[in-house]
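The values are calculated or read from the model by the stated rules, or taken from the named source; none is laboratory data. Note that the structure is predicted; figures quoted are calculated from it, not measured. FYI the Cβ positions are ideal-geometry reconstructions off the backbone, even for glycines, and counts take in every protein chain you see.
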Amino acid sequence: MVQIFIASISGYLSLHFFNALPPYWFLLLIIVIGAILFIVYRSLIFICFSLAIFWVVFDANQYINNIDNIPINSTNVTIDVSISTLFNENIPSEYFEVKVLNLHSANVDFVSPLQLMVFWKDAPRLKQGQIWRLPVRLSRIVGRVNQAGFDREQYALSRSIHGRAVVIGGKLLPTRLSSSISLRQQWLDSVTPLLKNTRHQSYLTALTFGLREGLEAQDWIDLRDSGLAHLLAISGLHIGLAMLIGWWFGYLLRLCLPQTGYWSWLPLLCGLLFAFGYAWLAGFSLPTIRALLMCLIVGVLRITAINWRPWQILLATLSLCLLWDPFVSYSAGFWLSFGAVIIFLMMVIIGNSPALADLPWQQRWYQHLKQLCKVQGYLLLLMLPMQWWWFGGVSLAAPLTNLMAVPWLSVITVPLVLIGVITVWWPGLSALFWGLADVSLMPVLHIAAWSNGAWMMLPASITPLLVIITVITVVWPLLPLVYFRWLYMSIIFIVLSWWWKQHHNNHSSPMWTITVLDVGHGLAILIEKQQRVFIYDTGNAWDEKSIAQSVIEPILAYKGISAVDGLVLSHSDNDHAGGSDYLIQRYQPLKKYSSDQRDGFSTCVMGQKWQWQGLEFTVKWPPTTAIRATNSDSCVIHVQALGGKGPRVLLTGDIDAKSELVMLTQAQTEQADIIVVPHHGSSTSSTQTLLDNIQPSVAIVSIGYFNPWGLPSAAVKRRYQANNIDWISTQDSGQVTITIHQNNYQIKQQRYHYSQAWYRPQWLALK
């Protein structure tokens with residue numbers, strides 16, 4: 001049985017290794033081979049493995065087929081949808097998920113219901129379960145693909161979302177076809193008025209319904225830094241508590257009933273009912289499904305008197321989760337949830353705690369506390385690789401905060417929340433328990449606030465160290481140091497040798513690197529040398545977020561860069577300078593240049609030069625500064641190694657055709673091997689005169705799909721290609737990294753060299 005589970009899990013997870021989905025004939029061949037091996041060796045391992053691969057590839061093909069049925073370019077259609085998202089009436093939301101029931105368009109077809117992420121500005125009050133007819137602009141999902149940061153395409157896959165839609169105005173207005181709402185939405189609507197006067201309404205809503213939209217930016221920072229984000233939402237631990245409370249309720253109820261065999265399973269059934277109800281309130285999120293499946297398996301084993309070990313239950317749960325939804329393994333919650341359980345079970349297996357029954361109560365308490373501290377320490381060390389992989393860092397305060405917060409929330413807050421949601425039919429009693437739950441959150445949130453700043457970003461360069469720490473932590477109890485000292489000394493010697501080679505063998509190291517980030521419509525460029533960075537433009541800013549925060553900061557942390565030496569803002573437009581305030585506040589760059597008049601900035605005007613890390617920056621435009629720099633005032637900079645060595649780069653901002661011609665007549669013309677295309681490939685820039693004078697061999701344009709201006713211009717793209725200039729676009733390639741050596745350069749495109757996967761939009765390469 002264990003081998004079957006392991007084979008099935010391996011088959012499900014094999015989806016992560018496909019850059020393109022294999023054809024069905026290949027899968028059928030694998031199944032035939034598995035069947036032959038079963039007949040010969042009487043082993044189900046190969047047949048289970050092949051069937052699991054067939055199942056996940058079939059699901060993946062269905063997912064891709066539905067995406068392929070959505071037009072490549074944004075299309076105006078009318079759709080009938082059922083709203084899937086749960087809404088809190090006190091928290092307006094412009095984004096929500098829907099299931100498409102009908103598409104009123106001959107150009108779009110689908111096999112299984114499409115799931116879309118919808119944007120509706122100034123939407124009326126929506127409810128889960130309502131059916132609406134919406135005029136929308138339908139499009140496929142194309143996310144930003146960089147070395148680090150949020151991956152929209154992978155997120156959409158993890159939630160089985162096929163596309164996005166924007167509700168548009170026009171002759172046809174949105175129409176509500178059905179006002180019926182889901183029972184879960186009705187329950188939330190009944191609870192919401194009772195939480196009106198509570199101080200921590202958003203946290204209580206998250207603990208009850210898994211609805212986190214009410215948490216503000218500072219709340220997320222506190223939860224991240226303290227390592228408590230997993231607690232202040234419905235987690236597997238809370239489902240276990242619900243099961244325990246239900247069991248005790250069933251036990252007390254059984255005492256009131258006739259003592260016959262008919263009621264012997266009442267505590268277990270009540271526990272499962274409570275666990276199922278709580279998971280349903282949470283919308284059956286991954287941690288709740290995992291915990292609920294474990295509870296169900298334990299219940300079935302108990303009823304059938306079958307004895308399974310804990311790790312067998314875990315393997316069965318993992319296999320069932322992947323069978324139900326193969327794409328769930330593309331979410332952080334999957335790995336963190338199961339990872340924590342695996343670590344806990346591993347400690348139970350290798351642990352050798354003394355028998356506590358014969359010890360005095362002081363010693364028993366000491367042993368319990370020691371075990372809790374040990375669990376937190378192991379979780380910190382063994383979860384390091386996963387925390388870094390998904391979030392780029394780790395909370396150093398997590399062991400201490402969890403040691404204090406987990407018992408408090410488990411014993412006090414969660415039971416109060418459960419009683420509050422169960423007694424909603426009695427508003428006065430329910431409001432009392434909600435008030436108590438609100439007060440009980442205060443010490444936990446004080447702990448979270450106290451941990452502010454405990455989050456440590458980890459660079460990619462320490463990945464081998466994280467793996468070594470994890471391996472040693474696991475191996476240490478099995479291979480004690482006293483008997484295997486030479487093994488550990490050998491490992492240390494190998495690691496130190498590798499580190500010395502990496503840091504002292506620089507004969508083939510690049511002179512410098514320029515990285516054009518994938519920021520959608522906008523521009524952000526990193527110029528790096530010897531772990532130091534100069535930044536040209538910062539991309540967009542919107543609401544409380546910016547490209548500087550969501551893209552630049554994660555990439556700098558990934559590279560292990562904690563300081564910014566300089567910043568150049570080409571001009572004042574939001575898509576170029578929107579993130580400047582955040583970046584300046586976060587990194588406080590020593591040198592700042594701008595073509596407009598900004599406090600604390602040096603002027604960026606024609607003829608100005610400065611040197612940095614052996615590179616020379618020469619300003620080619622504008623001739624004077626402006627109060628507010630527009631496209632024509634963009635700061636154009638020529639970058640090359642000192643002494644005219646190596647390839648040359650021209651950064652152009654949004655300079656227009658008139659400025660290009662004046663610049664070529666007033667400034668000394670210098671050729672460039674690499675040019676960042678002016679104004680995102682607009683037809684108002686990139687004149688033939690500019691190309692004749694600069695004579696680049698590569699042109700890189702920073703642009704995003706579905707921009708309202710239809711950029712880049714097809715005529716401009718043809719102009720570059722007619723001049724035998726390689727055209728590279730971030731909308732197709734994602735982040736573009738140019739590694740410049742003494743006499744040549746090498747270009748890497750993130751989508752095609754590092755981030756290939758079967759779910760990435762394959763049609764981008766055809767554009």
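Examine segment 221-236 for a residue that is of a type in the set (Gly, Ala, Ser) and touching a Cys at 6+ places or on another chain (Cβ under 9 Å), and state whether such a residue exists.
No, there is no match, as no residue in segment 221-236 is of a type in the set (Gly, Ala, Ser) and touching a Cys at 6+ places or on another chain (Cβ under 9 Å).
Can you find a residue that is under 28 Å from Pro647 (Cβ atoms) and more than 34 Å from the chain's Cα centre (by Cα) anywhere in segment 579-597?
yes
Criterion first (surrounded by 13 or more Cβ atoms within 10 Å (Cβ to Cβ), out of contact with any helix residue (DSSP H, G or I) (no Cβ under 7 Å at 6 or more places or on another chain) and within 30 Å of Ala279 (Cβ to Cβ)) does Leu432 satisfy it?
yes
Does Thr463 satisfy being under 30 Å from Gln147 (Cβ atoms), in contact (Cβ under 8 Å) with a residue 24 or more places away in the chain, exposed (fewer than 14 other Cβ atoms within 10 Å of the Cβ) and not hydrophobic (A, V, I, L, M, F, W, C)? Break it down stepwise before answering.
Working: under 30 Å from Gln147 (Cβ atoms): yes; in contact (Cβ under 8 Å) with a residue 24 or more places away in the chain: yes; exposed (fewer than 14 other Cβ atoms within 10 Å of the Cβ): yes; not hydrophobic (A, V, I, L, M, F, W, C): yes.
So Thr463 fits the description; yes.
Report every pair of residues separated by at least 6 positions or lying on different chains whose Cβ atoms are under 6 Å apart, first residue within segment 186-208 and under 19 Å from Asp219 (Cβ atoms), second in a loop (DSSP other than H, G, I, E, B) and small (Gly, Ala, Ser).
These pairs meet every condition: Ser202/Gly214; Thr205/Gly214; Ala206/Ala233.
Take residues that are more than 33 Å from the chain's Cα centre (by Cα) and hydrophobic (A, V, I, L, M, F, W, C) and tell me which of the helices (runs of 4 or more DSSP H) falling wholly in segment 264-350 contain 2 or more.
Filter on segment 264-350 gives 266-281, 286-304.
Just to be sure before I move on: is Ala448 part of a helix (DSSP H, G or I), in contact with an Asp or Glu (Cβ under 9 Å, 6 or more places away or on another chain) and surrounded by 14 or more Cβ atoms within 10 Å (Cβ to Cβ) in the structure I sent?
So Ala448 passes the test.
State whether the residues of segment 198-208 include one that is surrounded by fewer than 16 Cβ atoms within 10 Å (Cβ to Cβ) and under 21 Å from Val424 (Cα atoms).
yes
Out of all the residues in segment 405-420, is one or more exposed (fewer than 14 other Cβ atoms within 10 Å of the Cβ), at pLDDT 80 or above and closer than 23 Å to Leu296 by Cβ?
no
Being crowded, with 17+ Cβ neighbours inside 10 Å, among the β-branched types (Val, Ile, Thr) and part of a helix (DSSP H, G or I) narrows it down to one residue among Ile47, Ile33; which is it? Don't jump to the end; show me each part of the working.
Details: Ile33 fails: crowded, with 17+ Cβ neighbours inside 10 Å.
Among Ile47, Ile33, only Ile47 is crowded, with 17+ Cβ neighbours inside 10 Å, among the β-branched types (Val, Ile, Thr) and part of a helix (DSSP H, G or I).
I'm trying to understand the selection: among the residues of segment 50-59, which are closer than 15 Å to Ser160 by Cβ and either crowded, with 19+ Cβ neighbours inside 10 Å or basic (Lys, Arg) (or both)?
Result: Val56, single match.
Matching residues to (1) in contact with a strand residue (DSSP E or B) (Cβ under 9 Å, 6 or more places away or on another chain); (2) farther than 17 Å from Ser410 by Cβ; (3) modelled with pLDDT under 80; (4) part of a helix (DSSP H, G or I):
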| residue | (1), (2), (3), (4) |
| --- | --- |
| Gly214 | no, yes, no, no |
| Asp225 | yes, yes, no, yes |
| Gly240 | no, no, no, yes |
| Tyr251 | no, yes, no, yes |
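Inside segment 657-767, counting only strands (runs of 3 or more DSSP E) that do not spill past its ends, which hold 1 or more residues that are closer than 30 Å to Val57 by Cβ and assigned by TED's automatic domain parsing to the domain that holds Pro647?
The qualifying strands (runs of 3 or more DSSP E) are 745-749.
Identify all residues within segment 623-643 that are in contact with a helix residue (DSSP H, G or I) (Cβ under 9 Å, 6 or more places away or on another chain) and assigned to a helix (DSSP H, G or I); write none if there are none.
Selection gives Asn631, Ser632, Asp633.
Just one of Trp220, Trp187 is farther than 17 Å from Glu89 by Cβ and not in a loop (DSSP other than H, G, I, E, B); which is it?
Step by step, each of Trp220, Trp187 is checked, and only Trp220 is farther than 17 Å from Glu89 by Cβ and not in a loop (DSSP other than H, G, I, E, B).
Being touching an Asp or Glu at 6+ places or on another chain (Cβ under 6 Å) and either more than 24 Å from Tyr745 (Cβ to Cβ) or modelled with pLDDT of 95 or more (or both), is that true of even one residue in segment 614-624?
yes
Collect the residues in segment 590-620 that are in contact with a helix residue (DSSP H, G or I) (Cβ under 8 Å, 6 or more places away or on another chain), crowded, with 20+ Cβ neighbours inside 10 Å and assigned to a loop (DSSP other than H, G, I, E, B), keeping them in residue-number order.
Selection gives Ser595 alone.
With the checklist (1) β-branched (Val, Ile, Thr); (2) touching a residue at least 40 places away in the same chain (Cβ under 8 Å); (3) farther than 30 Å from Asp219 by Cα in hand, flag the one item Ile447 doesn't pass.
Result: Ile447 fails condition (3) only.
Is segment 267-274 home to any residue that is aromatic (Phe, Trp, Tyr) and either at pLDDT 85 or above or touching a helix residue (DSSP H, G or I) at 6+ places or on another chain (Cβ under 7 Å) (or both)?
Scanning segment 267-274 turns up at least one residue that is aromatic (Phe, Trp, Tyr) and either at pLDDT 85 or above or touching a helix residue (DSSP H, G or I) at 6+ places or on another chain (Cβ under 7 Å) (or both).
Out of the residues in segment 158-198 that are basic (Lys, Arg) and at pLDDT 90 or above, state the one that is farthest from the chain's Cα centre (by Cα).
So, considering only residues that are basic (Lys, Arg) and at pLDDT 90 or above, the one farthest from the chain's Cα centre (by Cα) is Arg176.
Could you go through segment 362-381 and let me know if any residue there is in contact with a strand residue (DSSP E or B) (Cβ under 8 Å, 6 or more places away or on another chain) and either at pLDDT below 80 or closer than 19 Å to Val474 by Cβ (or both).
yes
When you go through (1) more than 36 Å from the chain's Cα centre (by Cα); (2) modelled with pLDDT of 95 or more; (3) in a strand (DSSP E or B); (4) not acidic (Asp, Glu) one by one for Gly646, which number turns out not to apply?
That leaves (2) as the condition not met.
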